[in-house]
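Since every read-out is calculated from the coordinates, none of them should be taken as a lab result. Owing to the predicted nature of the structure, the values given are computational and were not obtained by experimental measurement. In this analysis, Cβ positions are derived from the backbone assuming ideal geometry, glycine residues included, and neighbour counts consider all displayed protein chains.
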Amino acid sequence: MRGLIKKFICNICLLQYMAAQFYVEPLENLISILQRYGFTRIQAEIFIQLTKFGPCSVGTLAKALKTNRMNVFRNIKRMESIGLVEATLGRPIKYAAVPIDKALNTIISAAKNVVSEMEGRFPAVIEAFSKVLQQQPSEQSFYVRFRVHSGRRNIYTVMARMLKNSRREVLLLTTPNDLICLSFFGLEDILKGCRGRGVEIKILTNVADEKIANRLMGYIKDAVVRHADFQIKTRMLIVDERETLTSLIVEDSMDLESPADSGFWNDSPQYAQSLKTFFDLIWSHSSDLPVLLQYLSAGSVPEKTVTFNDPNEYVRYFMQMIGRAGGEVLIIAKRLGDIPMLEDFIRFAERAKSRGVNVKVITCLGEDFSGNNEIFGVAEVRHSDIKCNFDMVLVDRKENLLRFPFTFEEAGVSLTQCLWSNNATFSQFLSEVFMELWAKAVDSSIRLMELKFRRAVKELPEVLKPLVEGHGWTLEMPAKMEGASKLRHMFDLALKYNGSPSQVVVGDVFTGAGDIRLASIAIHIKAQDVKASRKFILSPKVDWLGAEDRDLIKSYGIDLIEGLETEEISKKIMDIIKQ
């Protein structure tokens, strides 16, 4: 009996496996066929998925294919660019596969164009190869040599040989100490000979102070010497893009006989070109030695710009700038919470304030802000509703730090780009922009009062309604009323006496934003049209209004009610309706 059961279970498993293969094998065959037409595997899977299930978003495809969103996003954008899929309108964006016959015709047409181009270039390629084959290849063309050298004097000897054989270009990156030690070996005379043959010479190093800069000035007669901020003690010599000598770690002593120094020499053109690309990248962000010396002599820092996207690096730059501040720190932040490490910043700002540094912050104090923050004790804070999608720090109008968050919505990826610069012109421009915004921003004390007033008005129905109902009145907040002109008017609140419908009291709220004169004229005209017996304006502080504004309001017969607490405002409204 057990044997029969076991055989039955085996048969069931075999049937399940055969059924799975029945569905899997055709799909794999279809993927294989599409790959022959130039699809990658993931592109074939995407095309089949879209054909089978219709338009899908990147996220849905990633989930169905069990791969990451960026992989799907990159491939589907490539497919869209060659006309295999089409994007549809909507959020999120969905992609649909074009009909298979159209897709294959597109691929075949592109392939035919490539073949036509290859056929057109056939004679030119044959001619070019004929010219190359007429030249006799040297023995060195068939292999690359390399050697490891130990001991500083041996390395300097190899470098001297490479320089003396140079014909077109010499690129040298090394430490200041190594350059000074090379001068004892006679590098300046060797470079003079190179220069005499018309060889272009570039030297990169990292100069720490004025004394070292002066010692290296002897090289500028025959070479272009530049300073770059690289902290690695390394050596790199590239000659004519055909041979190199590299020392990953330089033993940075001044001893010509140091046995600890070592270097790797090779004559691979590919390796030389890779190193040259690296050298050129650093060279493009470097500054001339004579210019650097002028800055160092004046006690200032050379101007430069650094870009990065590491959040931790942003925090480091931010805190260092606050620590360096000598007179002024200007900050723009979308929210106070966007200031990095806010508690630590408050401590840094407190120390800066004790040094006489003036810290100014422009931010948006939203409706949810409670006002309980220590930053008001160490910085001048102003509120602005400006919609700026960046954060900015300026120190002493000499250096600035910017942070730009941005999102690739289609890929669902959020990134941050940061920029630090000590360019004086750029910093001065940003300072002027800041002061323009500062002049238009609202003092934090006024903004906090406004927020408190808004909360009090929001809670007003809960407190005021039972009070007025106890005296036979009905509260509507907000209220819409039809006037004699048949126009419907909006009021922030209205009170109607149940015993006499003609007794109506209306009111509007003025937070301080806008023109109080226009607000006064508006409520006066609306109140006349609905035949209101009394009208009033709620405001956080009457002192905010000028004498002329108060006189205008009084001339229209409008009551002014000020207050920051719900109970206080409710009591003053009750005093009006009791009259």
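Coupling constants for region 479-495 follow from the phi torsions by the Karplus curve (6.51 cos²θ - 1.76 cosθ + 1.60, θ = phi - 60°), and in residue order they are 10, 10, 10, 9, x, 5, 7, 6, 7, 9, 10, 9, 10, 5, 7, 9, 10 Hz; glycine and proline get x. Taking Cα centre as origin and charging only the Cβ of basic (Lys, Arg, +1) and acidic (Asp, Glu, -1) residues, the dipole magnitude of region 497-541 rounds to 100 debye.
Modelled this way, with points 7 Å down the Cα-to-C-beta line, the labels at Glu436 and Thr416 are 2.7 nm from one another. Applying both filters, DSSP loop and at most 12 other Cβ atoms within 10 Å, to the trypsin sites (Lys or Arg not before Pro) of region 43-84 gives Lys66. Rounded to the nearest 5, the antiparallel percentage of DSSP beta bridges internal to region 146-297 is 70%.
Counting only DSSP beta bridges with both residues in the chain, the antiparallel share comes to about 70 percent. Relative to the longest principal axis of the Cα atoms of the chain, helix 41-53 runs at roughly 30 degrees. The string of couplings for region 161-173 from the Karplus curve (6.51, -1.76, 1.60, θ = phi - 60°) is 5, 4, 5, 5, 8, 5, 10, 10, 8, 10, 10, 10, 10 Hz, one whole number per residue in order, with x for Gly and Pro. Between region 298-359 and region 548-576, the C-alpha centres lie 45 angstrom from each other.
Working from label points 7 Å from Cα in the Cα-to-Cβ sense, the Phe308 to Ser183 distance is 3.2 nm. Measure up Lys112/Lys276; Lys164/Lys304; Lys353/Lys387; Lys77/Lys131; Lys63/Lys387 against 31 Å on the Cα-Cα distance and list the ones that go over. Violating the 31 Å limit, Cα to Cα: Lys112/Lys276; Lys164/Lys304; Lys77/Lys131; Lys63/Lys387.
Amide H contacts of Leu365: Ser384, each under 5 Å away and 5 or more positions distant or on a separate chain (H built 1.01 Å from N in the peptide plane; Pro and chain starts excluded).
Quick check: from the Cα gyration tensor, does region 64-186 come out rounded (a/c under 1.5), prolate or oblate?
Oblate, because a/c is 1.5 or more while a/b does not exceed b/c.
Once the Cα-Cα distance is subtracted from the 0.36 nm per residue extended length, the Asn71 to Tyr295 segment shows a gain of 75.8 nm. In angstrom, the C-alpha Rg and Dmax of region 451-578 are 13.9, 39.
Couplings 3J(HN,Hα) of region 265-270, computed from phi: 9, 7, 10, 7, x, 5 Hz, in residue order, whole Hz [Karplus 6.51 cos²θ - 1.76 cosθ + 1.60, θ = phi - 60°; x for Gly and Pro].
Here the chain is treated with +1 on each Lys and Arg Cβ and -1 on each Asp and Glu Cβ, and its dipole about the Cα centre works out to around 1560 debye. Recomputing mean projected area of the Cα convex hull in nm² from the coordinates shown identifies the correct label among (1) 53.9; (2) 36.1; (3) 37.8 as (1).
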